[in-house]
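A short worksheet on the structure shown next.
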Amino acid sequence: MVRRSKIQLELAFGEAATGEARSGLGEGTEASAANADVQSPAAFAEPCMEAIVERDNLRKALAQVKRNKGAPGLDGMTVEALGAHLKDHWLTIRAQLLDGSYKPQPVKRVEIPKAAGGVRALGVPTVLDRFVQQAVMQVLQAAWDGTFSASSYGFRPKRSAHQAVRAAQEFIASGRRVVVDIDIEKFFDRVNHDILMGLVAKRVADARILRLIRGFLTCGVLADGLVGPTDEGTPQGGPLSPLLSNLMLDELDKELERRGHCFARYADDCNVYVRSRRAGERVMTLLRRLYAGLHLTVNEAKSAVASVVGRKFLGYSLWVGPKGEIKRRVADKPMATFKQRIRQLTRRSGGRSMAEVVERLRPFVLGWRVYFGLSQTPKVWRTLDEWLRHRLRAVQLKHWKRGTTMWRELKALGASDAVARRVAANSRRWWRNSDGLLKTVLTIAYFDRLGVPRLA
(Lines give C-alpha, C1' and ligand atoms only; values in the text may rest on other atoms or scores of the structure.)
Protein backbone atom coordinates (compact mmCIF):
# COMPACT_ATOMS: atom_id res chain seq x y z
CA MET A 1 0.00 0.00 0.00
CA VAL A 2 2.83 2.38 0.82
CA ARG A 3 4.52 1.46 -2.46
CA ARG A 4 1.33 2.22 -4.42
CA SER A 5 0.93 5.63 -2.76
CA LYS A 6 4.51 6.51 -3.60
CA ILE A 7 3.98 5.62 -7.27
CA GLN A 8 0.83 7.77 -7.38
CA LEU A 9 2.71 10.73 -5.93
CA GLU A 10 5.49 10.32 -8.46
CA LEU A 11 2.98 10.29 -11.30
CA ALA A 12 1.21 13.38 -9.95
CA PHE A 13 4.14 15.50 -8.91
CA GLY A 14 7.15 14.29 -10.89
CA GLU A 15 10.51 13.66 -9.30
CA ALA A 16 9.75 15.98 -6.34
CA ALA A 17 7.91 13.12 -4.63
CA THR A 18 11.11 11.09 -4.54
CA GLY A 19 12.91 13.80 -2.63
CA GLU A 20 15.06 14.95 -5.59
CA ALA A 21 15.46 18.67 -6.06
CA ARG A 22 14.12 20.47 -9.14
CA SER A 23 14.76 23.92 -10.53
CA GLY A 24 12.59 26.46 -12.30
CA LEU A 25 8.78 26.51 -12.18
CA GLY A 26 8.68 22.99 -10.73
CA GLU A 27 9.85 24.09 -7.29
CA GLY A 28 6.57 25.43 -5.91
CA THR A 29 3.82 23.25 -4.49
CA GLU A 30 1.19 24.55 -6.95
CA ALA A 31 3.46 24.20 -9.98
CA SER A 32 4.24 20.65 -8.87
CA ALA A 33 0.59 19.72 -9.30
CA ALA A 34 0.95 20.10 -13.05
CA ASN A 35 3.91 17.73 -13.33
CA ALA A 36 2.19 14.69 -14.73
CA ASP A 37 4.47 13.70 -17.59
CA VAL A 38 8.08 14.00 -18.65
CA GLN A 39 7.69 14.41 -22.41
CA SER A 40 8.11 17.80 -24.07
CA PRO A 41 5.44 19.31 -26.40
CA ALA A 42 7.81 18.86 -29.35
CA ALA A 43 7.47 15.09 -28.91
CA PHE A 44 3.90 15.22 -30.30
CA ALA A 45 3.47 15.68 -34.06
CA GLU A 46 -0.10 17.02 -33.83
CA PRO A 47 -2.56 18.11 -31.13
CA CYS A 48 -3.47 15.22 -28.86
CA MET A 49 -4.59 14.80 -25.29
CA GLU A 50 -1.16 13.48 -24.29
CA ALA A 51 0.34 16.82 -25.35
CA ILE A 52 -2.26 18.70 -23.29
CA VAL A 53 -1.50 16.80 -20.07
CA GLU A 54 2.26 17.01 -20.64
CA ARG A 55 4.08 18.35 -17.58
CA ASP A 56 5.59 21.57 -18.96
CA ASN A 57 2.35 22.49 -20.70
CA LEU A 58 0.40 22.09 -17.45
CA ARG A 59 2.98 24.05 -15.51
CA LYS A 60 2.66 26.98 -17.93
CA ALA A 61 -1.12 26.74 -17.83
CA LEU A 62 -1.20 26.88 -14.04
CA ALA A 63 1.14 29.87 -13.97
CA GLN A 64 -1.01 31.72 -16.52
CA VAL A 65 -4.26 31.07 -14.65
CA LYS A 66 -2.65 32.42 -11.48
CA ARG A 67 -1.45 35.52 -13.33
CA ASN A 68 -4.90 36.13 -14.78
CA LYS A 69 -6.49 35.82 -11.32
CA GLY A 70 -10.22 36.27 -11.83
CA ALA A 71 -13.35 35.49 -9.84
CA PRO A 72 -14.42 32.00 -8.72
CA GLY A 73 -16.81 30.06 -10.90
CA LEU A 74 -19.90 28.09 -10.00
CA ASP A 75 -18.16 25.90 -7.40
CA GLY A 76 -16.68 28.85 -5.49
CA MET A 77 -13.07 27.65 -5.80
CA THR A 78 -10.55 30.51 -5.89
CA VAL A 79 -7.37 30.71 -7.94
CA GLU A 80 -5.38 30.47 -4.70
CA ALA A 81 -7.05 27.14 -3.87
CA LEU A 82 -6.38 25.58 -7.28
CA GLY A 83 -2.89 24.32 -6.48
CA ALA A 84 -4.01 22.35 -3.43
CA HIS A 85 -6.98 20.95 -5.35
CA LEU A 86 -4.72 19.71 -8.14
CA LYS A 87 -2.35 18.17 -5.63
CA ASP A 88 -5.19 16.10 -4.17
CA HIS A 89 -7.14 15.30 -7.35
CA TRP A 90 -4.82 15.57 -10.35
CA LEU A 91 -4.50 11.82 -10.95
CA THR A 92 -8.28 11.52 -11.28
CA ILE A 93 -8.56 14.63 -13.48
CA ARG A 94 -5.72 13.43 -15.71
CA ALA A 95 -7.34 10.01 -16.11
CA GLN A 96 -10.65 11.64 -17.09
CA LEU A 97 -8.91 13.80 -19.70
CA LEU A 98 -7.06 10.84 -21.16
CA ASP A 99 -10.12 8.59 -21.37
CA GLY A 100 -12.38 11.40 -22.64
CA SER A 101 -14.76 11.42 -19.65
CA TYR A 102 -13.90 14.88 -18.23
CA LYS A 103 -17.07 16.98 -17.86
CA PRO A 104 -16.78 20.79 -17.69
CA GLN A 105 -19.04 22.50 -15.17
CA PRO A 106 -21.56 25.21 -16.18
CA VAL A 107 -20.23 28.74 -16.34
CA LYS A 108 -21.44 31.54 -14.09
CA ARG A 109 -22.91 34.48 -15.98
CA VAL A 110 -21.87 37.96 -14.89
CA GLU A 111 -22.64 41.27 -16.53
CA ILE A 112 -20.22 44.18 -16.77
CA PRO A 113 -21.16 47.69 -17.92
CA LYS A 114 -20.03 48.77 -21.39
CA ALA A 115 -18.47 52.18 -21.89
CA ALA A 116 -21.11 53.11 -24.46
CA GLY A 117 -23.97 51.96 -22.23
CA GLY A 118 -25.63 48.62 -21.72
CA VAL A 119 -23.91 45.53 -20.37
CA ARG A 120 -21.65 42.79 -21.68
CA ALA A 121 -22.38 39.23 -20.57
CA LEU A 122 -19.39 37.16 -19.52
CA GLY A 123 -19.31 33.47 -18.74
CA VAL A 124 -16.97 32.69 -15.85
CA PRO A 125 -15.84 29.03 -15.88
CA THR A 126 -14.67 27.36 -12.71
CA VAL A 127 -10.99 27.82 -11.92
CA LEU A 128 -10.33 24.15 -12.71
CA ASP A 129 -12.02 24.46 -16.10
CA ARG A 130 -10.02 27.61 -16.80
CA PHE A 131 -6.84 25.63 -16.05
CA VAL A 132 -7.87 22.84 -18.43
CA GLN A 133 -8.95 25.34 -21.11
CA GLN A 134 -5.60 27.12 -20.81
CA ALA A 135 -3.73 23.83 -21.25
CA VAL A 136 -5.83 22.98 -24.34
CA MET A 137 -5.43 26.47 -25.77
CA GLN A 138 -1.63 26.39 -25.48
CA VAL A 139 -1.35 23.17 -27.47
CA LEU A 140 -3.85 24.21 -30.14
CA GLN A 141 -2.43 27.70 -30.50
CA ALA A 142 1.07 26.33 -31.03
CA ALA A 143 -0.28 24.15 -33.84
CA TRP A 144 -2.65 26.68 -35.43
CA ASP A 145 -1.18 30.12 -35.02
CA GLY A 146 1.28 29.84 -37.90
CA THR A 147 -1.60 29.09 -40.28
CA PHE A 148 -3.62 32.20 -39.41
CA SER A 149 -3.61 35.31 -41.56
CA ALA A 150 -0.89 37.92 -41.13
CA SER A 151 -3.71 40.48 -41.02
CA SER A 152 -5.21 38.92 -37.88
CA TYR A 153 -3.88 40.63 -34.74
CA GLY A 154 -6.19 39.69 -31.88
CA PHE A 155 -5.29 37.23 -29.09
CA ARG A 156 -2.17 35.93 -30.78
CA PRO A 157 1.41 35.69 -29.50
CA LYS A 158 3.57 38.70 -30.34
CA ARG A 159 0.61 40.51 -31.93
CA SER A 160 -1.35 43.45 -30.60
CA ALA A 161 -3.99 46.07 -31.24
CA HIS A 162 -1.19 48.60 -31.81
CA GLN A 163 0.08 46.54 -34.74
CA ALA A 164 -3.42 46.46 -36.23
CA VAL A 165 -3.74 50.24 -35.94
CA ARG A 166 -0.33 50.76 -37.56
CA ALA A 167 -1.32 48.41 -40.41
CA ALA A 168 -4.50 50.43 -40.97
CA GLN A 169 -2.42 53.61 -41.01
CA GLU A 170 -0.12 52.16 -43.69
CA PHE A 171 -3.04 51.09 -45.86
CA ILE A 172 -4.52 54.60 -45.70
CA ALA A 173 -1.15 56.22 -46.41
CA SER A 174 -0.88 54.05 -49.55
CA GLY A 175 -3.97 55.78 -50.96
CA ARG A 176 -6.79 53.59 -49.68
CA ARG A 177 -9.00 56.32 -48.23
CA VAL A 178 -12.28 54.36 -48.05
CA VAL A 179 -12.89 51.83 -45.29
CA VAL A 180 -15.36 48.98 -45.09
CA ASP A 181 -15.97 49.09 -41.35
CA ILE A 182 -17.94 46.00 -40.40
CA ASP A 183 -19.33 45.02 -37.02
CA ILE A 184 -20.73 41.57 -36.15
CA GLU A 185 -23.83 41.54 -33.98
CA LYS A 186 -23.07 39.82 -30.65
CA PHE A 187 -20.33 37.71 -32.22
CA PHE A 188 -19.26 35.72 -29.16
CA ASP A 189 -22.90 34.96 -28.28
CA ARG A 190 -23.89 33.84 -31.79
CA VAL A 191 -21.12 31.47 -32.88
CA ASN A 192 -22.68 28.32 -34.35
CA HIS A 193 -21.34 25.27 -32.51
CA ASP A 194 -21.67 22.85 -35.42
CA ILE A 195 -19.82 25.12 -37.84
CA LEU A 196 -17.12 25.81 -35.28
CA MET A 197 -16.65 22.15 -34.39
CA GLY A 198 -16.47 21.32 -38.08
CA LEU A 199 -13.56 23.75 -38.42
CA VAL A 200 -11.86 22.31 -35.33
CA ALA A 201 -12.28 18.77 -36.67
CA LYS A 202 -10.41 19.74 -39.84
CA ARG A 203 -7.36 20.46 -37.67
CA VAL A 204 -7.71 17.99 -34.77
CA ALA A 205 -8.03 14.22 -35.18
CA ASP A 206 -8.09 13.34 -31.46
CA ALA A 207 -11.72 12.59 -30.58
CA ARG A 208 -11.03 13.28 -26.90
CA ILE A 209 -10.07 16.88 -27.65
CA LEU A 210 -13.11 17.35 -29.89
CA ARG A 211 -15.38 15.97 -27.15
CA LEU A 212 -13.76 18.22 -24.56
CA ILE A 213 -14.13 21.38 -26.66
CA ARG A 214 -17.74 20.53 -27.42
CA GLY A 215 -18.23 20.08 -23.68
CA PHE A 216 -16.87 23.55 -22.97
CA LEU A 217 -19.23 25.03 -25.58
CA THR A 218 -22.36 23.25 -24.33
CA CYS A 219 -21.73 23.02 -20.58
CA GLY A 220 -24.56 25.43 -19.77
CA VAL A 221 -24.74 28.72 -17.92
CA LEU A 222 -25.99 29.69 -14.46
CA ALA A 223 -28.22 32.77 -14.60
CA ASP A 224 -30.82 33.88 -12.04
CA GLY A 225 -30.20 30.76 -10.00
CA LEU A 226 -30.95 28.32 -12.83
CA VAL A 227 -28.60 26.44 -15.17
CA GLY A 228 -29.71 26.83 -18.77
CA PRO A 229 -28.38 25.23 -21.97
CA THR A 230 -25.89 26.93 -24.30
CA ASP A 231 -26.89 26.11 -27.88
CA GLU A 232 -24.64 28.71 -29.51
CA GLY A 233 -21.81 31.09 -28.69
CA THR A 234 -18.37 30.90 -27.08
CA PRO A 235 -18.81 32.60 -23.69
CA GLN A 236 -16.25 35.32 -23.07
CA GLY A 237 -14.30 34.67 -19.91
CA GLY A 238 -12.55 31.40 -20.73
CA PRO A 239 -9.01 31.14 -22.17
CA LEU A 240 -10.15 29.00 -25.12
CA SER A 241 -12.80 31.38 -26.48
CA PRO A 242 -10.43 33.87 -28.23
CA LEU A 243 -8.58 31.10 -30.07
CA LEU A 244 -11.84 29.55 -31.25
CA SER A 245 -13.04 32.94 -32.46
CA ASN A 246 -9.86 33.35 -34.50
CA LEU A 247 -10.40 29.91 -36.02
CA MET A 248 -13.98 30.79 -36.94
CA LEU A 249 -13.00 34.04 -38.66
CA ASP A 250 -9.93 32.59 -40.35
CA GLU A 251 -12.23 31.44 -43.17
CA LEU A 252 -13.13 35.06 -43.83
CA ASP A 253 -9.48 36.17 -43.63
CA LYS A 254 -8.42 33.59 -46.20
CA GLU A 255 -11.10 34.72 -48.65
CA LEU A 256 -10.09 38.37 -48.30
CA GLU A 257 -6.45 37.40 -48.84
CA ARG A 258 -7.34 35.34 -51.91
CA ARG A 259 -9.00 38.41 -53.43
CA GLY A 260 -6.00 40.61 -52.62
CA HIS A 261 -7.73 42.96 -50.17
CA CYS A 262 -5.88 45.04 -47.56
CA PHE A 263 -7.46 44.56 -44.16
CA ALA A 264 -6.77 44.47 -40.43
CA ARG A 265 -8.75 42.30 -38.03
CA TYR A 266 -8.65 42.20 -34.25
CA ALA A 267 -11.06 39.53 -32.95
CA ASP A 268 -14.43 40.48 -34.46
CA ASP A 269 -13.36 44.04 -35.39
CA CYS A 270 -12.44 44.00 -39.09
CA ASN A 271 -11.67 46.94 -41.38
CA VAL A 272 -11.02 46.53 -45.12
CA TYR A 273 -9.32 49.43 -46.94
CA VAL A 274 -10.07 50.19 -50.59
CA ARG A 275 -9.53 53.07 -53.03
CA SER A 276 -13.14 53.92 -53.92
CA ARG A 277 -16.62 53.81 -52.47
CA ARG A 278 -17.75 51.59 -55.32
CA ALA A 279 -15.10 49.02 -54.45
CA GLY A 280 -16.13 49.33 -50.82
CA GLU A 281 -19.74 48.49 -51.61
CA ARG A 282 -18.62 45.36 -53.45
CA VAL A 283 -16.51 44.30 -50.46
CA MET A 284 -19.41 44.95 -48.07
CA THR A 285 -21.65 42.70 -50.18
CA LEU A 286 -18.95 40.00 -50.09
CA LEU A 287 -18.57 40.26 -46.30
CA ARG A 288 -22.31 40.01 -45.71
CA ARG A 289 -22.33 36.80 -47.75
CA LEU A 290 -19.30 35.35 -45.98
CA TYR A 291 -20.69 36.11 -42.51
CA ALA A 292 -24.09 34.69 -43.47
CA GLY A 293 -22.30 31.47 -44.46
CA LEU A 294 -20.95 31.31 -40.90
CA HIS A 295 -24.45 32.00 -39.48
CA LEU A 296 -23.29 35.40 -38.23
CA THR A 297 -25.21 38.67 -38.62
CA VAL A 298 -23.73 42.01 -39.64
CA ASN A 299 -24.76 44.88 -37.35
CA GLU A 300 -25.98 47.31 -40.01
CA ALA A 301 -26.28 50.22 -37.57
CA LYS A 302 -22.55 50.11 -36.76
CA SER A 303 -21.22 48.99 -40.15
CA ALA A 304 -20.53 51.35 -43.05
CA VAL A 305 -18.58 52.08 -46.20
CA ALA A 306 -17.13 55.50 -45.48
CA SER A 307 -14.16 57.81 -45.58
CA VAL A 308 -11.40 56.66 -43.25
CA VAL A 309 -11.31 60.09 -41.62
CA GLY A 310 -13.39 60.03 -38.46
CA ARG A 311 -14.01 56.27 -38.37
CA LYS A 312 -13.00 54.49 -35.16
CA PHE A 313 -10.82 51.37 -35.13
CA LEU A 314 -9.80 49.80 -31.81
CA GLY A 315 -10.28 53.11 -30.00
CA TYR A 316 -8.19 55.12 -32.47
CA SER A 317 -9.14 57.29 -35.42
CA LEU A 318 -6.85 58.49 -38.18
CA TRP A 319 -6.52 62.04 -39.45
CA VAL A 320 -4.63 63.88 -42.16
CA GLY A 321 -1.85 66.18 -40.92
CA PRO A 322 -0.91 69.57 -42.42
CA LYS A 323 1.54 67.94 -44.85
CA GLY A 324 -0.84 65.19 -45.88
CA GLU A 325 0.64 62.67 -43.46
CA ILE A 326 -1.77 60.14 -41.94
CA LYS A 327 -1.63 60.32 -38.14
CA ARG A 328 -3.20 58.54 -35.18
CA ARG A 329 -5.34 60.02 -32.42
CA VAL A 330 -7.72 58.84 -29.73
CA ALA A 331 -11.23 58.54 -31.12
CA ASP A 332 -13.96 60.78 -29.74
CA LYS A 333 -15.88 58.08 -27.84
CA PRO A 334 -12.94 56.70 -25.80
CA MET A 335 -11.77 60.25 -25.14
CA ALA A 336 -15.19 61.14 -23.71
CA THR A 337 -15.15 57.91 -21.67
CA PHE A 338 -11.71 58.81 -20.29
CA LYS A 339 -12.87 62.24 -19.15
CA GLN A 340 -16.01 60.82 -17.56
CA ARG A 341 -13.99 58.27 -15.62
CA ILE A 342 -11.54 60.95 -14.47
CA ARG A 343 -14.47 63.03 -13.22
CA GLN A 344 -15.71 60.06 -11.22
CA LEU A 345 -12.27 59.40 -9.70
CA THR A 346 -11.69 63.07 -8.82
CA ARG A 347 -15.04 63.99 -7.33
CA ARG A 348 -14.69 66.79 -4.81
CA SER A 349 -16.94 64.95 -2.35
CA GLY A 350 -16.39 61.64 -0.65
CA GLY A 351 -14.00 62.57 2.13
CA ARG A 352 -10.91 60.95 0.59
CA SER A 353 -7.44 62.33 1.11
CA MET A 354 -5.35 63.45 -1.86
CA ALA A 355 -3.16 60.36 -1.47
CA GLU A 356 -6.24 58.13 -1.72
CA VAL A 357 -7.49 60.00 -4.79
CA VAL A 358 -4.13 59.55 -6.52
CA GLU A 359 -3.96 55.88 -5.52
CA ARG A 360 -7.31 55.21 -7.24
CA LEU A 361 -6.47 57.42 -10.20
CA ARG A 362 -3.02 56.06 -10.93
CA PRO A 363 -3.76 52.55 -12.34
CA PHE A 364 -6.48 53.88 -14.64
CA VAL A 365 -4.32 56.66 -16.10
CA LEU A 366 -1.30 54.39 -16.47
CA GLY A 367 -3.36 51.74 -18.26
CA TRP A 368 -4.96 54.31 -20.52
CA ARG A 369 -1.56 55.82 -21.35
CA VAL A 370 -0.13 52.41 -22.27
CA TYR A 371 -2.96 51.61 -24.67
CA PHE A 372 -3.37 55.05 -26.22
CA GLY A 373 0.32 55.93 -26.19
CA LEU A 374 0.34 55.33 -29.93
CA SER A 375 -1.53 58.60 -30.43
CA GLN A 376 0.35 61.30 -32.35
CA THR A 377 -1.25 64.32 -30.66
CA PRO A 378 1.18 65.76 -28.08
CA LYS A 379 -0.87 68.95 -27.65
CA VAL A 380 -3.93 66.91 -26.70
CA TRP A 381 -1.88 65.05 -24.08
CA ARG A 382 -0.59 68.29 -22.59
CA THR A 383 -4.13 69.69 -22.44
CA LEU A 384 -5.37 66.55 -20.68
CA ASP A 385 -2.50 66.75 -18.19
CA GLU A 386 -3.38 70.35 -17.38
CA TRP A 387 -7.07 69.50 -17.02
CA LEU A 388 -6.30 66.59 -14.70
CA ARG A 389 -4.06 68.68 -12.45
CA HIS A 390 -6.72 71.42 -12.46
CA ARG A 391 -9.24 68.92 -11.10
CA LEU A 392 -6.81 67.68 -8.45
CA ARG A 393 -6.12 71.22 -7.26
CA ALA A 394 -9.87 71.77 -6.93
CA VAL A 395 -10.11 68.54 -4.93
CA GLN A 396 -7.36 69.76 -2.61
CA LEU A 397 -9.07 73.10 -2.02
CA LYS A 398 -12.35 71.36 -1.24
CA HIS A 399 -10.55 69.14 1.29
CA TRP A 400 -9.07 72.19 3.02
CA LYS A 401 -12.53 73.89 2.99
CA ARG A 402 -11.91 76.96 5.16
CA GLY A 403 -9.79 79.94 4.24
CA THR A 404 -7.76 79.63 7.44
CA THR A 405 -6.92 76.01 6.66
CA MET A 406 -5.94 76.94 3.09
CA TRP A 407 -3.64 79.69 4.34
CA ARG A 408 -1.98 77.38 6.87
CA GLU A 409 -1.49 74.49 4.41
CA LEU A 410 -0.20 76.70 1.63
CA LYS A 411 2.30 78.33 3.95
CA ALA A 412 3.46 74.86 5.00
CA LEU A 413 4.02 74.06 1.32
CA GLY A 414 6.26 77.11 0.90
CA ALA A 415 3.83 79.69 -0.48
CA SER A 416 4.44 83.34 0.21
CA ASP A 417 2.11 85.07 2.63
CA ALA A 418 0.59 87.16 -0.18
CA VAL A 419 -0.19 84.11 -2.34
CA ALA A 420 -1.59 82.14 0.60
CA ARG A 421 -3.88 85.06 1.60
CA ARG A 422 -5.18 85.61 -1.94
CA VAL A 423 -6.02 81.94 -2.43
CA ALA A 424 -7.64 81.75 1.02
CA ALA A 425 -9.73 84.84 0.28
CA ASN A 426 -11.56 82.90 -2.46
CA SER A 427 -12.04 79.75 -0.40
CA ARG A 428 -15.44 78.82 -1.85
CA ARG A 429 -14.56 79.21 -5.55
CA TRP A 430 -12.73 75.91 -5.84
CA TRP A 431 -12.67 75.46 -9.63
CA ARG A 432 -11.75 79.02 -10.54
CA ASN A 433 -9.33 79.39 -7.63
CA SER A 434 -7.50 76.18 -8.59
CA ASP A 435 -6.52 77.65 -11.97
CA GLY A 436 -4.88 80.78 -10.60
CA LEU A 437 -2.14 81.46 -8.08
CA LEU A 438 -2.59 78.00 -6.61
CA LYS A 439 -0.65 76.66 -9.64
CA THR A 440 2.50 78.35 -8.31
CA VAL A 441 2.29 76.21 -5.16
CA LEU A 442 0.67 72.96 -6.29
CA THR A 443 3.02 72.72 -9.25
CA ILE A 444 3.66 69.95 -11.76
CA ALA A 445 6.57 68.82 -9.58
CA TYR A 446 4.24 68.63 -6.58
CA PHE A 447 1.93 66.21 -8.40
CA ASP A 448 4.92 64.27 -9.69
CA ARG A 449 5.96 63.70 -6.07
CA LEU A 450 2.45 62.48 -5.28
CA GLY A 451 2.78 59.93 -8.07
CA VAL A 452 0.26 61.41 -10.53
CA PRO A 453 1.16 59.98 -13.96
CA ARG A 454 1.74 62.32 -16.88
CA LEU A 455 0.24 61.61 -20.28
CA ALA A 456 2.54 63.95 -22.22
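The values are calculated or read from the model by the stated rules, or taken from the named source; none is laboratory data. Since the structure is predicted, the reported quantities are computational estimates derived from the model, not experimental observations. Don't worry about glycine lacking a Cβ; one is built from the backbone with ideal geometry, like all the others, and counts go over all protein chains shown. When the accessible area is computed, the model is the full protein with side chains, heavy atoms only, and any ligands, DNA or RNA have been set aside. Shrake-Rupley method; radii C 1.70, N 1.55, O 1.52, S 1.80 Å.
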Exercise for the section: Pull out the extension gain between Glu185 and Lys69, defined as 0.36 nm times the separation in residues minus the alpha carbon to alpha carbon distance; nm, one decimal. Expected result: 38.8 nm
Completion exercise
Residue span Glu359 to Arg289: 0.36 nm per residue of separation minus Cα-Cα distance leaves a gain in nm of 20.2 nm
Completion exercise
Put Arg278, Arg55 in order of accessible area, largest first, probe 1.4 Å, and you get Arg278, Arg55
Handout entry: Carbon/sulfur fraction of accessible area - segment 233-337, other protein chains in place, 1.4 Å, %
Key = 51
Exercise for the section: State, to one decimal in nm, how far the label point of Ala418 lies from the label point of Trp319, with both points 7 Å from Cα in the Cβ direction. Expected result: 4.1
Exercise for the section: Throw me the Rg/Rh for segment 62-208, computed over C-alpha atoms with Kirkwood Rh, two decimals. Expected result: 1.02
Practice task
Would you mind working out the accessible area per residue for segment 184-313, using a 1.4 Å probe, and quoting it in Å²?
Solution key: 45
Problem - In range of the label at Lys411: residues from segment 425-445 whose backbone nitrogen is under 16 Å from the point 7 Å along Cα→Cβ - result: 425
Exercise for the section: Find, to one decimal place in angstroms, the Kirkwood hydrodynamic radius of segment 368-424, where the mean of 1/r is taken over every pair of different Cα atoms and then inverted. Expected result: 13.4
Problem - Alpha carbon convex hull of segment 228-359, projected area averaged over orientations, nm² - result: 13.8
Handout entry: Equivalent-ellipsoid semi-axes of segment 310-456, from the Cα gyration tensor, Å, largest first
Key = 34, 16, 13
Exercise for the section: Set the Förster radius R0 to 51 Å, insert the Cβ-Cβ distance between Gln340 and Asp99 as r into 1/(1 + (r/R0)^6), and round the FRET efficiency to 0.05. Expected result: 0.45
Handout entry: Restricting segment 370-456 to trypsin sites (Lys or Arg not before Pro) in coil, as DSSP defines it, with at most 16 other Cβ within 10 Å
Key = Lys401, Arg402, Arg428, Arg429, Arg454
Exercise for the section: Using every Cα-Cα pair within segment 289-358, state what percent have a distance larger than 17 Å. Expected result: 66
Handout entry: Taking the convex hull of Cα positions in segment 272-330, its mean projected area over all directions (nm²)
Key = 4.8
Problem - Spin-label model distance (nm) - Glu251 vs Ala205, 7 Å beyond Cα toward Cβ - result: 2.4
